[in-house]
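The values are calculated or read from the model by the stated rules, or taken from the named source; none is laboratory data. Just so it is clear, the structure is predicted and the values come from calculations on it, not from any experiment. Cβ sites come from the backbone with ideal geometry, for glycine too, and all protein chains shown count toward neighbours.
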Ligand code: GDP
């Protein structure tokens, strides 16, 4: 991801590297190039506009440093603005004052929710927590089985309806799981919920009901970074329809252009909290805007 954008940006910076001084016309031309590069990377238009406005304002403004040459100054500003659109500070998980902390996962089918549930559980376990994975996705055939396999691999407990028990109500499974966590001393509950292939009122309604029933400390929206701007529109729909407190980018290892990752924070107003970079449980980390910006700038 971001390879094409990184290449484009380094080409742009290369072309101004030798200049001793940048005129306003040079800055405008550079900003135009950066704008095109962002649009080609499929970054949402309002994000591009804000970004370019900031670059122009700051590069033409008084922030002239004697220690940096013009190209270095532009790179510094672009770096800072990239960090800003990615959310600035790293946003940590909100833990409940009184355990268990409840984390609800939402998103479309195939976004990577169930995989993420396993990754998050493993990560929490390595950080001295005792997570309980909850299979409240009763829609997708085998989602329960998949979560059980992931739980075993991560070495964490899972709460799922018994096969053939007739429990088909995800709201009840989610509610009961909180009791189970209290009984067994789990301090974090991760509730995997059902997605659909597209935005669907029934799915939204179910997610709202689960949310109301378990009163989560975090509602994390899992977004497939491979599907570009569509993913960002979906995130907005979930923000408005269910309410989300953070975003997880999945499939950042793919070769998509990266526009979703660069747009989602600005468009939804919600922080990106984690990043998923592969199918294995270890392919997961806290999202750091500054590290991502450095990666993009190469
Ligand atoms: P869900 O329907 O949202 O629960 O999605 P799943 O967790 O079942 O994931 C859908 C597919 O994407 C599976 O084949 C996963 O192995 C794969 N997947 C999930 N996360 C990642 C990731 O970060 N990178 C890659 N390459 N594949 C992923």
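Looking across region 279-291, the residues that are surrounded by 15 or more Cβ atoms within 10 Å (Cβ to Cβ) and in contact with a strand residue (DSSP E or B) (Cβ under 8 Å, 6 or more places away or on another chain) come down to 283, 284, 287, 289.
Taking helices (runs of 4 or more DSSP H) as the structural unit, those lying wholly within region 44-149 and holding at least 3 residues that are closer than 19 Å to residue 268 by Cα correspond to 45-60, 70-85. Evaluation of residue 139 against the conditions (1) within 11 Å of the ligand (Cβ to nearest atom); (2) within 21 Å of residue 204 (Cβ to Cβ); (3) at pLDDT 95 or above shows that the sole unmet condition is (3).
Considering every residue within region 158-170, establish whether at least one is touching a residue at least 40 places away in the same chain (Cβ under 8 Å) and touching a strand residue (DSSP E or B) at 6+ places or on another chain (Cβ under 9 Å). Yes; the residues of region 158-170 include at least one that is touching a residue at least 40 places away in the same chain (Cβ under 8 Å) and touching a strand residue (DSSP E or B) at 6+ places or on another chain (Cβ under 9 Å). Taking region 248-279 as the range and being more than 20 Å from residue 7 (Cβ to Cβ), assigned to a loop (DSSP other than H, G, I, E, B) and more than 13 Å from the ligand (Cβ to nearest atom) as the test, the residues that pass are 269, 270, 271. Among the residues of region 189-226, the ones that are within 13 Å of the ligand (Cβ to nearest atom), touching a helix residue (DSSP H, G or I) at 6+ places or on another chain (Cβ under 7 Å) and in a helix (DSSP H, G or I) come to 1 in all. The set of residues from region 227-247 being assigned to a helix (DSSP H, G or I) and either free of Cβ contacts under 8 Å to residues at least 24 places away in the same chain or over 20 Å from residue 91 (Cβ atoms) (or both) comprises 227, 229, 230, 233, 234, 237, 240, 241. Cβ-Cβ distances below 6 Å connect the following pairs, each with a first residue in region 182-205 that is more than 10 Å from residue 108 (Cα to Cα), a second residue that is within 14 Å of the ligand (Cβ to nearest atom) and part of a loop (DSSP other than H, G, I, E, B), and a separation of six or more residues or different chains: 192/137. Looking across region 280-298, the residues that are over 17 Å from residue 114 (Cα atoms) and either within 15 Å of the ligand (Cβ to nearest atom) or in contact (Cβ under 8 Å) with a residue 24 or more places away in the chain (or both) come down to 286, 287, 288, 289, 290, 292, 293, 294, 295, 296, 297, 298.
Among the criteria (1) more than 21 Å from the chain's Cα centre (by Cα); (2) touching a residue at least 40 places away in the same chain (Cβ under 8 Å), the one residue 145 does not fulfil is (2).
Among the candidates 68, 93, 5, 39, the residue that is touching a residue at least 24 places away in the same chain (Cβ under 8 Å) and touching a helix residue (DSSP H, G or I) at 6+ places or on another chain (Cβ under 7 Å) is uniquely 5.
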